[in-house]
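Here is the structure we will look at, set down as structure tokens.
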Amino acid sequence: MFRNHLKLVIRKLRKEKVYSFVNILGLTIGLAAFLLIGLYVRDELSFDKFHSRANEIYRLTNYNEVSSKRNTYSPPDFAEYIQQDAPEVESFVRIKTEGLNNLIATEESAFYTGGLIYSDANFFSFFDFNILNGKPELALASPKSVVLTESFAMKLFGRIDVVGEELTFNKTDKYQVLGVCADVPKNSSIQFELVARGDDKTFENTFSKGYLTAATTFLMVPESTDLANLESKINNGIRQKPNYFRVKGDIYYELGSLRDIRLYSNFERDSLETNDAKVVFLFTGIGLVILLLAVINYINLVTAQSIKNFKEIGLRKVIGATRGQLVRYHLLESTVIAFISFVCSFAIAERIIPIFNSALNKQVTLNYLSSDFVIWTLVFGLLLGLLSGLYPAFYITKVSPLSLMQKSATSLGSKGLFRKALVLFQFTVSATLIVILFIMTNQMSYLKTQKLGFDKDNLVSIPLYSDSLNTWVKLKSELLKQSGVTLITANNWKFGDNTSTGRVNKAYVKGEESTIVDVWLDAVEADEDFMKTMSLKMHYTSDDYKGGALTDNQVIVNQSLVKVFGWPENSVGQRVFDYEGNYKEVVAVIEDFHSYSMKEEKAPLIIENGDSEYYNNLLLKLDAAEGKRTLENLAIIYEGIVDRPFEYYYVDDKIASYYKVENGQFKLFQAFSFLAMFISLLGLVALTIYMVEQRRKEVSIRKVLGATIQRLIFMLNREYTILIIIAFLIATPMAYYAMQDWLAEFKYSVNISPLLFVGAFLGFLLLSWLVTLFPSLKVTNENPVEALRNE
């Protein structure tokens, strides 16, 4: 019996090619999307789980009770104090980065890398990064030792057997390679290309020198430890250190599990790779919804198509087929279609994986010999095939043979309330995703087009390093001679870098502490060309301001600083003090400008004439027409003077990098929203076919009585148009409130206009009319005789 049923199913699929293609296509697209989202979610949930003691590793973070800000850094020597005060801490490891890019050189080659980290000697025994050559506990045992990843070793030397080789960091420090490790997994929060042994200077206590350095500290804590008690010990112990208590008395230290770093970190800036759990939950929901849409679409298509086969089913019943046999036949049909769809979806997902990985910086894989294929196609394919076939099988086979032979609409349940409810659900989901997509598109467009307060076009940043700081005067002079360079400024400030220096609005006077406002701000030390190069907008200037050049006791402030200090709008003549009572006079007030992501408020900022010996950055304004050729000439001049490989970045590229994660998620959401809409439109086609088949005779009679084609089309499409309107009425408030949290992450976001919802509704309505026009026209243009001849 099974063999005969299988033959009939295959014969039906071959005979009804359009029906089979649409059915398999809808399921395949839904399943492929669900599989990709499933891989994304699985990868996000797997972060840092490969460490054997991941459950026992905690990162030391802190919370400032005054500013309500949370931070991931702590002074390097805190770890030593913690182990003294809390012996239950087995061990610790500290990680510290030095600059954005470091020059790593061999005798034959030199490359910049942002993947250099300094750590303690136990780094590779604390974490489970796979050492290919040597033992983990010995990889960083010697001072000035370094471990390379396999890819970086190949990049530097063209081979991985490089133990014993010597590297030079930033043209000064010599390090010896003592190990090579496997490339860091993409699902690791800690990313690096090489790990160097940190020395005493790297992790020294600098408080006595008047400043504090910072490191990321991890603690190994046994699972049986009372974490609340341990946190209390840490905080009580730190407060007993007199030096730190003076500056850290309002800071409370916390322990965050390594397993939670990826999805549950909530810090303004983080040195580790993080995401947001809400995003993962969102995509999980989208994946489940798309799968459900595909199943609903299948049910609608099967029930719509079954109308054509009612006489066949009735005849089978008349000649003795039992209801059980018919149910088993339809379940087998749905299982076969599901199995084919599962195999096709796996093949599609496998080919899309490279694009998927590139867009989201992932490392997920699929192959036909893996357990993923077996579980996906056989287990899930069989299960989904049976579940999706239940309703059509029992719906079709429950009707009496006489009703099936007569194709009586009444006896077959012409109202179709369940089917309409399914379609309404499809429309509501699609409408919700479309509205969310419109909001996200507007916000991402806003980020790209919003005025930043300066002219970012053709603005190029060229970093200088410790060995080349004294070359900036000569370098600036030579670069200005190039025809494509219009302006250059030397400074100590880079986009996205927080200088965080404290200033106050009055000198400290005993008894007047309550009137003093102090604030952490960005301090830009720059030459006289900074204002012109950045095209900053002046609001107020004093007579003493000479158009860019500042004296040692003059300062320019932005509007945010004026607001924080509570000064009048025109604050020219006000004074900014440091903690030693020295002051500088405000000679100009400029408009705020963005130098960070729009997830952050514009920072209070001052521009002053600093120590030119420490300018570590050049900003160049290039002529757009000569940009590429100019950069080639600049590279020759730079390498000749600085004796380093030429390095630069466009400021607008830097700004775009702030939203790299959001862009990847937006593209993913965009793709899956379109797929969900496509599946819903396929469901709409199924509904239209069903309605047309049911009302074929009614259309013919109305046509004979004089109804126009336009009137008939409107009559056929009125029902689903009402469903679309209801769907958007439900979806609009849902989408609006769903996006509030996402938009709240940006300090500067787009205003949601009612026109956005109107546009989304009209766009989807137009698409729905287009896809239903053909089946509607087909029945309205049909000869009434063909439909009525059997009556």
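Can you tell me which residue is nearest to ASP48 (Cα to Cα) among those in the range 363-381 that are touching a residue at least 60 places away in the same chain (Cβ under 8 Å) and out of contact with any Lys or Arg (no Cβ under 6 Å at 6 or more places or on another chain)? I'd like the intermediate steps shown before the answer.
Start the filter on the range 363-381 by keeping residues that are touching a residue at least 60 places away in the same chain (Cβ under 8 Å), which leaves 363-364, 366, 376.
From the residues that got through so far, the ones that are out of contact with any Lys or Arg (no Cβ under 6 Å at 6 or more places or on another chain) too are 364, 366, 376.
Numbers: VAL364: 15, LEU366: 21, TRP376: 25 Å.
The extreme case among them is VAL364.
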Item to complete: Taking the options ILE701, ILE752, name whichever one is β-branched (Val, Ile, Thr), surrounded by fewer than 18 Cβ atoms within 10 Å (Cβ to Cβ) and out of contact with any Lys or Arg (no Cβ under 7 Å at 6 or more places or on another chain).
Response: ILE701
Worksheet item: Does the range 349-364 include one or more residues that are closer than 17 Å to LEU291 by Cβ, buried (at least 18 other Cβ atoms within 10 Å of the Cβ) and modelled with pLDDT of 80 or more?
Response: yes
Item to complete: Within the range 151-177, work out how many residues are within 15 Å of ASP199 (Cα to Cα) and buried (at least 16 other Cβ atoms within 10 Å of the Cβ).
Response: 2
Worksheet, complete the sentence: Residues of the range 29-78 being among the small types (Gly, Ala, Ser), surrounded by 22 or more Cβ atoms within 10 Å (Cβ to Cβ) and not assigned by TED's automatic domain parsing to the domain that holds TYR298, in sequence order, are SER74
Worksheet item: So which of ALA707, ALA635, ALA656 is more than 22 Å from PHE425 (Cβ to Cβ) and more than 38 Å from the chain's Cα centre (by Cα)?
Response: ALA707
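This table checks each residue for (1) touching a helix residue (DSSP H, G or I) at 6+ places or on another chain (Cβ under 8 Å); (2) modelled with pLDDT of 75 or more; (3) closer than 19 Å to ILE434 by Cβ.
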position	(1), (2), (3)
ILE726	yes, yes, yes
ALA735	yes, yes, yes
LEU762	no, yes, yes
PRO784	yes, no, no
Worksheet, complete the sentence: Result of the Cβ filter at 9 Å on the range 714-728, keeping first residues that are free of Cβ contacts under 8 Å to residues at least 24 places away in the same chain and partners that are outside any helix (DSSP H, G or I) and among the hydrophobic types (A, V, I, L, M, F, W, C), at least 6 apart or interchain, is MET715/ALA707
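Residue check: is ASN122 within 28 Å of SER52 (Cα to Cα) and polar (S, T, N, Q)? Outline the logic, then answer.
Working: within 28 Å of SER52 (Cα to Cα): yes; polar (S, T, N, Q): yes.
Judged against the criteria, ASN122 is a match.
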Practice prompt. Would you point out the residue of the range 121-150, among those that are surrounded by 15 or more Cβ atoms within 10 Å (Cβ to Cβ) and hydroxyl-bearing (Ser, Thr, Tyr), that is nearest to ASP199 (Cα to Cα)?
Written response: SER145
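Within the range 537-548, is there a residue that is in contact with a strand residue (DSSP E or B) (Cβ under 7 Å, 6 or more places away or on another chain), of a type in the set (A, V, I, L, M, F, W, C) and outside any helix (DSSP H, G or I)? Break it down into steps so the answer makes sense when it comes.
First pass over the range 537-548, keeping only residues in contact with a strand residue (DSSP E or B) (Cβ under 7 Å, 6 or more places away or on another chain): 537-542, 544-545.
Then drop every residue that is not of a type in the set (A, V, I, L, M, F, W, C), which leaves 538.
Still in the list and also outside any helix (DSSP H, G or I): 538.
Among the residues of the range 537-548, at least one is in contact with a strand residue (DSSP E or B) (Cβ under 7 Å, 6 or more places away or on another chain), of a type in the set (A, V, I, L, M, F, W, C) and outside any helix (DSSP H, G or I), which makes the answer yes.
Of all residues in the range 737-754, which are under 20 Å from LEU447 (Cβ atoms) and assigned to a helix (DSSP H, G or I)?
Quick first cut of the range 737-754, residues under 20 Å from LEU447 (Cβ atoms) only: 738-753.
Matches in the range 737-754: ALA738, GLN740, ASP741, TRP742, LEU743, ALA744.
Quick grid of which residues meet (1) in contact with a strand residue (DSSP E or B) (Cβ under 8 Å, 6 or more places away or on another chain); (2) farther than 15 Å from TYR118 by Cβ; (3) outside the structural domain of THR216 (by TED's automatic domain parsing):
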site: GLU137; (1), (2), (3): no, yes, no
site: LEU140; (1), (2), (3): yes, no, no
site: SER145; (1), (2), (3): yes, no, no
site: PHE157; (1), (2), (3): no, yes, no
site: VAL163; (1), (2), (3): yes, yes, no
site: GLU166; (1), (2), (3): yes, yes, no
site: VAL180; (1), (2), (3): yes, yes, no
Worksheet item: Restricting to the range 84-107, what's the tally of residues that are at pLDDT below 85 and either outside any strand (DSSP E or B) or within 19 Å of VAL221 (Cβ to Cβ) (or both)?
Response: 6
Worksheet item: For the range 340-374, what are the residues that are part of a helix (DSSP H, G or I) and over 26 Å from the mean Cα position of the chain (by Cα)?
Response: ILE340, SER341, PHE342, VAL343, CYS344, SER371, PHE373, VAL374
Worksheet item: Can you tell me which of ALA707, ALA676 is out of contact with any Asp or Glu (no Cβ under 9 Å at 6 or more places or on another chain) and assigned to a helix (DSSP H, G or I)?
Response: ALA676
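The values are calculated or read from the model by the stated rules, or taken from the named source; none is laboratory data. Since the model is a prediction, treat every value here as computed from it, not as a measurement. So basically every Cβ, Gly included, is an ideal-geometry build from the backbone, and we count neighbours across all protein chains shown.
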